[in-house]
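What follows is calculated from the coordinates using simple rules that are stated; it is not laboratory data. Keep in mind it's a predicted model, so treat the numbers as computed, not measured. Using ideal geometry, Cβ is built from the backbone for each residue, glycine included, and neighbour counts are taken over all protein chains shown.
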Amino acid sequence: MAVKSNNQKAWLFVLPVVLLVAFNALIPLMTVVNYSVQETFGNNVFFWEGVKWFEDVLHSERFHASLLRQLSFTGIILLIEVPLGVAIALTMPKKGFWVSVCLVLMALPLLIPWNVVGAMWNIFALPEIGLLGRMINGLGIDYNFTQNPTAAWFTTILMDVWHWTSLVVLLAYAGLRSIPDAYFQAAKIDGAGTWAVFRYIQLPKMKRVLTIAILLRFMDSFMIYTEPFVLTGGGPGNTTTFLSIDLVKIALGQFDLGPAAAMSLIYFLIVLLMCWVFYTLMMKNEDQ
Amino acid sequence: MKKFTWLVPTIYILFLMLPIYWLLNMSFKTTNEILGVFTLWPQEFTFENYIAIFTDSTWYNGYINSVTYVVINTVISVSAALPAAYAFSRYRFLGDKHLFFWLLTNRMAPPAVFALPFFQLYSAANLFDTPLAVALAHGLFNIPLAVWILEGFMSGVPKELDETAYVDGYSFPRFFVKIFMPTIAAGIGVTAFFCFMFSWVELLLAKTLTSVAAKPIAAIMTRTASTSGYELGLLAAAGALTIIPGAIVIYFVRNHIAKGFALGRV
């Protein structure tokens, strides 16, 4: 990496970005902070409430339940998507025509608008007219994701695996391609098997990109809203109501600004904290 | 065992294509057929649903609106991020690391957190229901992302390039446009691709910030599903059409994507 020189004028280069992002980030964030400490009965009359809303949210069973569902969902999809993505990247062709075909087809789900993903899976999984729904029911398993919580979870997770595994594949594949051939030749001479090559050459070389993959999948799945909302609407009951769905219900559905704002801040802090912990842990490993 | 490894990506791609096939299948069926019988391919092949979309202005205006704000967003994000990424990759300045991290935290902000304040902010700024509002709002996550990706590409360019250009008598703006930007053209392409992608797929903010005039196609679909009964064929056709811009963009950048990812950004 090039040596950087000190130059305070660089701030001028950064200024447009700072202004644009600050307009979008700071003003709304201040609005949220403002709401989170006040109570309103409409007509723009506000009363100071202090930390009451924060205490309410932290003690509310509804918030605990959404958080637990969110954590389970994120945990499950990470456990499936990361190993699956690595396995597919390892078995993909290394050069030639088929590489392009694989990349283009695999990237396709990433570029479909999120509510279309939800709608597509809804049509695909409906028990009467959907291909998936028909197939599972045909196997003699009673499957209806609009009524059965287990089926709803299964469908939501399968949809997320369908939607996002390709991101892990692309990242892992890019990491694998950056390994020089000499490494594999050396391993061959030493008589290393497939597993040894994976464990001691490929996995360490993929560490950096996998860190990014896990971080991205963590952040994005923790904020997931549109796809499950279109697919299940958070139901049956509240069984697939994740944090964002719950938050939008409180903020835009019930218009409870105080509690929604307090929940927003707690939610944002959880994401930040988790990302920071992930990031520090992985960087620490890298240094050793 | 080695012989059969091609099976893994093949099965995976089949799994990816199945729901897309089902969507296309539905889009060529009549409503009667969808609700009446279960068929693996359309028995009465029809373009009715597509014709309905292309002849109804609320539908095709939705497409125009979506493409408009996605393009505005991509242009704003990339052009604002170019000088900033250059500064981060070349100079040390007061608070640079903190600033970089602060920018990235915005990529972590759940859009649901910002939906309501955004609505109020853009209403106050008289931008509500314009493509510009959505384009600016999507900048919240796209601008930091663009800075992050571009900085990666720029750090790979040796500093000697800059110095040689100054010795040759280039002014900074001329050097930047004539020499530096062509050098990182692949990086700019990858950045534009990701800005396009994240702006195209996002719906929550786009829906919150528009009502009639600038409503994105994806939001119009939600409306169809809820108001006019359940016109599955129409919904499927509209959905199938939203896949096309993405597919075209992927095709053009397919060779750059892997390179962009290889730099460990995104």
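Just a few scattered comments:
- In plain terms, if you count all Cα to Cα distances in region A:1-95 and split them into 10 Å steps from zero, the share in each step is 11, 16, 20, 23, 22, 6, 1 percent.
- Of the DSSP H helices in chain A, those whose Cα atoms cover at least 15 Å axially and whose Kyte score averages 0.5 or more: A:10-36, A:61-91, A:97-107, A:114-125, A:149-177, A:203-222, A:257-287
- Dipole magnitude (debye, nearest 20) for the protein assembly as shown, charges at Cβ of Lys, Arg, Asp, Glu: 1720 debye
- Each of B:194, B:37, B:175 was scored by the projection of its Cα onto the charge dipole of chain B, and the greatest displacement toward the positive side belongs to B:175; charges sit on the C-beta of Lys, Arg, Asp and Glu.
- MRE, 222 nm, helices only [DSSP H, n ≥ 4, -39500 (n - 2.57), over chain B, to nearest 500]: -24000 deg cm²/dmol
- Pairs beyond 26 Å (Cα-Cα), from A:9/A:284; A:9/A:207; A:94/A:188: A:9/A:284; A:9/A:207
- The protein assembly as shown - convex hull of alpha carbons, volume per residue in Å³: 185 Å³
- Rh by Kirkwood over Cα pairs, then Stokes-Einstein D for region B:57-262 at 0.890 mPa s and 25 °C, µm²/s: 131 µm²/s
- Global geometry of region A:9-50, whether rounded, prolate or oblate, following the gyration tensor of its Cα atoms and the 1.5 cut on a/c: prolate
- Ordering B:51, A:151, B:240 by Cα displacement along the dipole of the protein assembly as shown toward the positive end leaves B:240 in first place; charges were set at the Cβ atoms of Lys, Arg (+1) and Asp, Glu (-1).
- Among B:221, B:161, B:131 the positive-end extreme of the charge dipole of region B:57-262 (Cβ point charges): B:221
- Low-density loop positions, trypsin sites (Lys or Arg not before Pro), region A:63-115 - DSSP coil, at most 15 other Cβ in 10 Å: A:94, A:95
- Helix-derived mean residue ellipticity, 222 nm - over chain A, DSSP H n ≥ 4, -39500 (n - 2.57), to 500: -23000 deg cm²/dmol
- The spread of Cα positions in region A:179-269, taken along each principal axis and listed from longest to shortest, comes to 67, 28, 15 Å.
- Legend: helices of chain B (whole DSSP H runs) are marked when their alpha-carbon atoms reach 20 angstrom or more along the helix axis and their mean Kyte-Doolittle hydropathy is at least 1.6; marked are B:7-27, B:185-201.
- Amide H contacts for residue A:38 (H built 1.01 Å from N in the peptide plane; partners 5 or more residues away or on another chain; cut-off under 5 Å): A:49.
- Rg(Cα)/(2.2 N^0.38 Å) for region A:62-287, N = residue count: 1.18
- Counting every other Cβ atom within 10 Å of each residue's Cβ, A:160, A:56, B:162 order from fewest to most as A:56, B:162, A:160.
- Relative contact order of chain B, defined on C-alpha pairs under 8 angstrom at six or more residues apart (%): 32 percent
- Among the lysines of region B:57-262, pairs that are 8 or more positions apart or on different chains and have alpha carbons within less than 25 Å of each other number 5.
- Stokes-Einstein diffusion for region B:1-140, with the hydrodynamic radius set to the Kirkwood value over Cα pairs and evaluated at 10 °C in a medium of 1.306 mPa s, equals 78 µm²/s.
- Between region A:106-152 and region B:128-185, the alpha-carbon centres lie 42 Å apart.
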